[in-house]
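> Submitted below is the structure of interest, expressed as structure tokens.
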Amino acid sequence: MTKLNTAPNMTDPDGFYESLLRLHEGLEETESHALNARLVLILANHIGDRQVLNEAMKLAKLEN
């Protein structure tokens, strides 16, 4: 079992955020939501560990 890594782990977080914003440019709200859903599913598949994914979902819900 792998534990969710919540420590800073990206070499260029600002660059990633900028790319993510650009990815959504020109999209309607529903298209943007659908893009986010597809991205989540692709990354969840990459992670693959259900316990890590459950931990991430709990953490994301707390952030609201």
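Each reported figure results from applying straightforward, stated rules to the coordinates on display, with no laboratory input. Bear in mind the structure is a predicted one, so any value in this text is a computation, not a measurement. Glycine gets a Cβ as well: all are built from the backbone with ideal geometry, and neighbour counts include every protein chain shown.
> Over 13 Å from the mean Cα position of the chain (by Cα) and either charged (D, E, K, R) or on the phi > 0 side of the Ramachandran plot (or both) - does that describe any residue in the range 38-46?
Here is the first cut: in the range 38-46, the ones over 13 Å from the mean Cα position of the chain (by Cα) are none.
Within the range 38-46 (the criterion being over 13 Å from the mean Cα position of the chain (by Cα) and either charged (D, E, K, R) or on the phi > 0 side of the Ramachandran plot (or both)), the answer is no, since none of the residues qualifies.
> Only one of 58, 3 is among the basic types (Lys, Arg) and surrounded by 10 or more Cβ atoms within 10 Å (Cβ to Cβ); which? Spell out how you get there, then give the answer.
Working: 3 fails: surrounded by 10 or more Cβ atoms within 10 Å (Cβ to Cβ).
From the options 58, 3, the qualifying one is 58.
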